[in-house]
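See structure below.
The values are calculated or read from the model by the stated rules, or taken from the named source; none is laboratory data. Here the structure is a predicted model, which is why all the values come from computation and not from measurement. Neighbour counts run over all protein chains shown; Cβ positions are idealised from the backbone, glycine included. Please note that ligands, DNA and RNA were not included when accessible areas were found on the heavy atoms of the full protein model with its side chains. Shrake-Rupley method; radii C 1.70, N 1.55, O 1.52, S 1.80 Å.
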Amino acid sequence: MDPIQAAFPATRFRRLRASPSLRALAQENTLSVNDLIWPVFLCDGVGVTQPVASMPGVERRSVDLVVKAAEEAAGLGIPAICLFPYTDPSLKTETCEEAWNPENLTNRAIRAIKGAVPEIAVMTDVALDPYNANGHDGIVRNGRIVNDETVAALVKQALVQADSGADIIGPSDMMDGRIGAIRTALEAAGHHDVAILSYAAKYASAFYGPFRDAVGASGALRGDKKTYQMNPANSDEALRLVARDLAEGADMVMVKPGMPYLDIVRRVKDAFGAPTYAYQVSGEYAMIRGAALNGWIDGEKAMLESLMAFRRAGCDGVLTYFAVDAARAIRAGRA
Ligand code: PBG
């Protein structure tokens, strides 16, 4: 852009900042409840909530209470909820078959939510880590995460989620070839309208720490995820991954984590123009919430500013643990 611009004092940028009305007229981006996807954690039982220590204000909920939460979210106008299960350690195995058990926590929650609040879109997580005895997203053989065998398992997991009523399948595992395999299987099973939101550019990040506590994967995890998640030093590779996943049948793509990777969001949106999302991950949430609880920042203002930054970077929507708080603030006119 090479704007024609008169010299000072003909140009004074402060003119359009002088009042709320002029600032509103000149505002380039907006944040709406339509831009929010709410990730929630599931646990067993009835009437159970369990606080997640490293994510103040976030709790795991039993299926009955996640239905209530979905009703609340839908009432606020939040379009989608994304489910993550805390799996009982006794169900974790090296072969991860709990991942495609139609009666697992996630599939029971999908059916309960779609039965009670059909208008909210339910997104799932496709990856083996909540079910894996060693905490990895893929099947481990002789110390290596095996790609193709994992993809076959992920296809089973995704199909059962679609059968249970999921609207959006979210493969977060970073195996190669999984989007094409899942898309082919969904089409063959008649799930023509189930969308895939690919975690296309997912980095091996320290910002996932609190999440691994929330799903109970921290204790189990051996080593790191660097052989499948991206190197944080890379940017061109993200474009190649997004191109690949769109070509394999992803409807939407994600960059993850969020705030430290907004440069990637901008490149992806500019290059492809596809529906583009980012995940404001657990560590990002914990930093904002933790600082606010200590009185070091204004939590609501920092939350809203961070979400607007995602929009400015080119996101069509944001997965955020702040979704309900943000929706309330937006509806009250504070955003
Ligand atoms: C794992 C998965 C992770 C997150 C979503 N899905 C963690 C990981 O890759 O280790 C992270 C979300 C967050 O930190 O909020 N399949």
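Remarks
- Computed over neighbours whose Cβ is under 14 Å from that of Lys114, the net charge equals -3, Lys and Arg +1, Asp and Glu -1.
- On the beta carbon distance between Val48 and Arg12, with R0 = 56 Å, the FRET formula returns roughly 0.45.
- Sequence-distant contacts, meaning Cα pairs under 8 Å at least 6 residues apart, place the relative contact order of the range 32-331 at 19 percent.
- Carbon and sulfur %, accessible surface of the range 32-331 computed with the full protein complex present, 1.4 Å: 53 percent
- Centroid-to-centroid, using Cα positions, the range 61-78 and the range 157-225 are 22 Å apart.
- Only beta bridges with both residues in the range 137-288 are counted; by DSSP, about 15 percent of them are antiparallel.
- Folded to 0 to 90 degrees: helix 282-293 orientation relative to the chain principal axis, Cα: 50 degrees
- Probing with 1.4 Å while keeping every protein chain in the model, the per residue accessible area of the range 144-236 equals 39 Å².
- In the chain, the DSSP-assigned H stretches of four residues or longer account for a calculated mean residue ellipticity at 222 nm of -11500 deg cm²/dmol, using -39500 (n - 2.57) per stretch and the full residue count as denominator.
- Asp167 accessible area, 1.4 Å probe, all protein chains in place, Å² to nearest 10: 50 Å²
- Taking the Cα centre of the range 32-331 as origin and assigning +1 to Lys and Arg Cβ atoms and -1 to Asp and Glu Cβ atoms, the resulting dipole is close to 480 debye.
- Restricting attention to the chain, close to 15% of DSSP beta bridges with both partner residues there are antiparallel.
- Formal net charge of residues neighbouring Glu98 (Cβ-Cβ distance under 14 Å; K, R +1; D, E -1): -4
- In nm, spacing of pseudo-spin labels at Arg312 and Arg144 (7 Å Cα→C-beta vector): 4.6 nm
- Sites matching trypsin sites (Lys or Arg not before Pro) across the range 9-108 that sit in DSSP coil, with at most 13 neighbouring C-beta atoms within 10 Å: Arg12
- Among the lysines of the chain, pairs that are 8 or more positions apart or on different chains and have alpha carbons within less than 23 Å of each other number 15.
- Between the helical axis of 299-313 and the longest alpha-carbon principal axis of the chain there is an angle of about 90 degrees.
- Note on the chain: Rg/Rh from C-alpha atoms, Kirkwood Rh, equals 0.99.
- The loop-placed GluC sites (Glu not before Pro) in the range 3-95, going by DSSP, that have at most 16 neighbouring Cβ atoms within 10 Å of their Cβ come out as Glu28, Glu94.
- Against the chain, whose longest principal axis comes from its Cα atoms, helix 63-76 is set at around 20 degrees.
- For Ser32 and Glu71, the FRET efficiency from 1/(1 + (r/R0)^6), where r spans their Cβ atoms and R0 equals 25 Å, is about 0.80.
- Local electrostatic count at Ile78 - Lys and Arg +1, Asp and Glu -1, tallied over other residues with Cβ under 12 Å: -3
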